[in-house]
Amino acid sequence: MLIETESTPNPQTLKFLPGRTVMESGTRDFATPEEAEASSLADAIFGLGDVTGVFFGRDFVSVTAAPGVSWPSLKPDILAILLDHFSAAMPLFRPATAGFSVPSDEVLTDDPADADIVAQIRELIETRVRPAVANDGGDIVYRGFDKGKVFLQLQGACAGCPSSSATLKNGIEQLLKYYVPEVTEVRAV
């Protein structure tokens, strides 16, 4: 089995492509070792000690290294863990832990009067933004719309990326403003 790697715009994050489906649907972001306990794979990667994030996409795993960590020394250990996991066809999640819900304080309740606007925003994010962000080893998730402001959560390689604020303001915000005039600003949560 060959696992390819790709750099991402975030120098702390590498994208690993095992040549097979990682997540059948959705994505999963692990920002702490405690969150990673839901997955034996994420837990093993965090167990290396120099990892600050693991992200599962449809056909890739992104790993974020701690500041100052040398990728040439960390990469072989991650590749070995991934190779063992996928070669053995192990489950991605431990039983009864695959579900993931965002704490309610991180999600805005959209005003029903904004349903058409929210639908347009969600469609643009799904069709135009998420595929581009996935190419860079991350994901972006809609979290709410309030008085012209769109709230998005960056995950994977995008979280903590030096260029993420430029992507939000110069890319995503401009796209949403162009197609949905009610949008005045985009913010990360």
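For the reader, a short list of remarks on this structure follows.
- Count - residues of region 126-143 that are without any contact (Cβ under 8 Å) to a residue 40 or more places away in the chain, part of a helix (DSSP H, G or I) and more than 10 Å from the chain's Cα centre (by Cα): 5
- Residues that are at pLDDT below 85, closer than 24 Å to V63 by Cα and touching a strand residue (DSSP E or B) at 6+ places or on another chain (Cβ under 7 Å) occur in region 100-113; there is at least one.
- Members of region 152-189 that are assigned to a loop (DSSP other than H, G, I, E, B), touching a Ser or Thr at 6+ places or on another chain (Cβ under 7 Å) and of a type in the set (A, V, I, L, M): A157
- Residue ranges of helices (runs of 4 or more DSSP H) in region 18-90 with at least 3 members at pLDDT 95 or above and not small (G, A, S): 40-46, 71-87
The values are calculated or read from the model by the stated rules, or taken from the named source; none is laboratory data. Only a predicted model underlies this, so the values are computations on that prediction, with no experimental measurement involved. Using ideal geometry, Cβ is built from the backbone for each residue, glycine included, and neighbour counts are taken over all protein chains shown.
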